[in-house]
Structures are given as structure tokens and as C-alpha cells.
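Heads up, the thing below is written out as C-alpha cells.
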Amino acid sequence: MKPCILLIEDDQDMRDLVSGHLEHSGFDVQKAGDGIKGQALALQYSPDLILLDLMLPNVDGLTICQRLRRDERTAGIPILMITALGGTKDKVSGFNSGADDYLTKPFDLEELAVRVKALLRRTHRAPIGSSSHQEILSFGPLTLVPERFEAIWFDRAVRLTHLEFELLHCLLQRHGQTVAPSLILKEVWGYEPDDDIETIRVHVRHLRTKLEPDPRKPRFIKTVYGAGYCLELPTGGEIAIMQDVLAKAREEREKKKNERESA
């Protein structure tokens, strides 16, 4: 069966142009001219990938993206956001709402096809480790579970998005080493980078909120300024110490959350 792409785009000329190119490239394309219809079609067809315009009538693309991510029926579908807004803040907003990738208009249709194929390849590929016994899936307090896109982190299961899982896996393969942004973009996103590292920064921040006791002062996923990122995992007696630190941090966050809810 052909991969199914859901295109949510209000401009009919753009919708026809993009859908025609994708259909010619071997995809089945469902189309929606607004976010409400797009959300309904996502539930109806469970597409393999969603192309989502940011500027939509009635309900904007960011809101639709957030709704799709909150619904367990659509939470795992990769989303490629397409928009005329190409500023850093716009990209950060898109990634924070749950988008997997971001393409700024006007774009080359061949580049769009490359991005689509890279997303499909990454999110539908065979489980990590099935083709190579050399890949690292566990070190110290961290174990990756590809079948569920989970990390076992100090004996606690942490749910990750596809991208967070791939990013963490990329760093784990080279734990203790600095990994350049260009390598991360190529290995995790699957295409040649264009010096846009804001994509990585957003997802590193997301990972830190899930793994670090204090995301503002990271101990494990460290930024090596001008060079990249380094995953430094504790070993030996450090593991028990850090387990206590993480437990206390979780208790403090839960306490603050309860205080906010009761206020």
C-alpha cells in the first residue's frame, strides 16, 4: 500500500501543487483546507504523515498540532509543519507544539519530498539494534527500549517522542564524546543540515525536562559551546547518589505542582 499523507493547507493552489507532486512521487494524499477538517481526517485515515500549514483559518496550525499530539490516536503520527513564517521564534513555537520538522515557504518540491521520506524512514524503520549488534542500547542508568520508544532512566520508565528517542540514541552511541550538530541533524533528521541548529536546541530542552533534576543546570546532557552536545552518564557509586538527587527533584516538582493547583 502507498504511504498516506494528510495535507492540511488553506491555499488551494499550494494544496494542488504539493498534493500533485506527492502523488506523482508515489504517495496517497488526503487534503483539507482548514484545521477542523484536517483533524477529522487525521482521525478517519490515521495517515503515515501530516503536512500542516501554520496559518490556517478558524483554528491555527499550532493549535491543531497540539490537539493531534494530545490525542492518543494521532499522537505518534509525524508532523511536518510548512509555513511562510521562518523566524527562529516561529520554528521554536512549531517544535514546542509537537512538530517533528519545519519547512519554510517558498520551498523546493524535491526538498519537501526528501523531508517527507526522511520522516517516514525514521518513524517506520525496524527497531534499533535489529540490524547491528554493535549499537549501544544501555549504559549505566540508561536503557533504551525501541519497541515502546521509552527510556529506562534510573529504574523509571520515561516516555519519549520518536525524535527524542532518536536524539538520545544518537548521543548514547557516543556517550562521553562531543557530537557535532551537523552529525545530529544528518543522523536524527535524515537530511543534510542547513546550519539551522535551533531544531536540535528545542529537542535537547525537551529531553532535559524529562531526564535532568534541574533542566536549567544540566548534569547529563551538556552543551559544549561551539562544538555540540555531550551525554555524560554516571557510573559506579555516582548512580546511587544521582538517583537520590532525581528523587528529591521529582518530589519538589510534584509539591510545586500541587501548590499551583490548590492556589
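Overview of results
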| item | result |
| --- | --- |
| Residue among Asp101, Asp10, Asp108 that alone is surrounded by fewer than 13 Cβ atoms within 10 Å (Cβ to Cβ) and acidic (Asp, Glu) | Asp108 |
| Near pairs, Cβ below 8 angstrom, 6+ apart or cross-chain, from the range 152-179 (touching a residue at least 40 places away in the same chain (Cβ under 8 Å) and under 13 Å from Arg122 (Cα atoms)) to any residue that is assigned to a helix (DSSP H, G or I) and among the hydroxyl-bearing types (Ser, Thr, Tyr) | His162/Thr123 |
| Conditions (1) open to solvent by less than 30 Å² (accessible area, probe 1.4 Å); (2) among the aromatic types (Phe, Trp, Tyr); (3) free of Cβ contacts under 8 Å to residues at least 40 places away in the same chain: number failed by Trp189 | (3) |
| Residues being among the acidic types (Asp, Glu) and touching a residue at least 60 places away in the same chain (Cβ under 8 Å) - total across the range 3-20 | 1 |
| Answer residue from the range 129-161, given it is modelled with pLDDT of 80 or more and small (Gly, Ala, Ser) and is least open to solvent (accessible area, probe 1.4 Å) among those | Ala151 |
| Candidate set from the range 1-26 (those that are assigned to a loop (DSSP other than H, G, I, E, B) and of a type in the set (Gly, Ala, Ser)); member that is nearest to Phe107 (Cα to Cα) | Ser25 |
| Odd one out for Gly236, checked against (1) touching a residue at least 24 places away in the same chain (Cβ under 8 Å); (2) more than 27 Å from the chain's Cα centre (by Cα); (3) within 20 Å of Leu172 (Cα to Cα) | (1) |
| Among the candidates Leu43, Leu80, residue that is closer than 23 Å to Leu207 by Cβ and at pLDDT 90 or above | Leu80 |
| Any hit, the range 49-64, residues being modelled with pLDDT under 90, under 19 Å from the mean Cα position of the chain (by Cα) and open to solvent by 70 Å² or more (accessible area, probe 1.4 Å) | no |
| Elements of type helices (runs of 4 or more DSSP H) contained in the range 27-122, each with 3 or more residues being among the aliphatic types (A, V, I, L, M) and free of Cβ contacts under 8 Å to residues at least 60 places away in the same chain | 35-45, 61-70 |
| Verdict on Arg174 being of a type outside the set (Phe, Trp, Tyr), in contact with a Pro (Cβ under 6 Å, 6 or more places away or on another chain), within 23 Å of Gly140 (Cβ to Cβ) and surrounded by 12 or more Cβ atoms within 10 Å (Cβ to Cβ) | no |
| Selection status of Lys210, open to solvent by 10 Å² or more (accessible area, probe 1.4 Å), touching a residue at least 40 places away in the same chain (Cβ under 8 Å), among the basic types (Lys, Arg) and in a helix (DSSP H, G or I) | yes |
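Matching residues to (1) open to solvent by less than 80 Å² (accessible area, probe 1.4 Å); (2) in a helix (DSSP H, G or I); (3) touching a helix residue (DSSP H, G or I) at 6+ places or on another chain (Cβ under 8 Å); (4) hydroxyl-bearing (Ser, Thr, Tyr):
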{"residue": "Arg205", "(1), (2), (3), (4)": "no, yes, no, no"}
{"residue": "Lys222", "(1), (2), (3), (4)": "yes, no, no, no"}
{"residue": "Cys230", "(1), (2), (3), (4)": "yes, no, yes, no"}
{"residue": "Pro234", "(1), (2), (3), (4)": "yes, no, yes, no"}
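The values are calculated or read from the model by the stated rules, or taken from the named source; none is laboratory data. Note that the coordinates shown come from a computational prediction; the quantities given were computed from them, not determined experimentally. For neighbour counting, all protein chains shown are included, and Cβ atoms are generated from backbone atoms with ideal geometry for every residue, glycine included. Quick note on the areas: whole protein, heavy atoms, side chains included, nothing else; ligands and nucleic acids left out. Shrake-Rupley method; radii C 1.70, N 1.55, O 1.52, S 1.80 Å.
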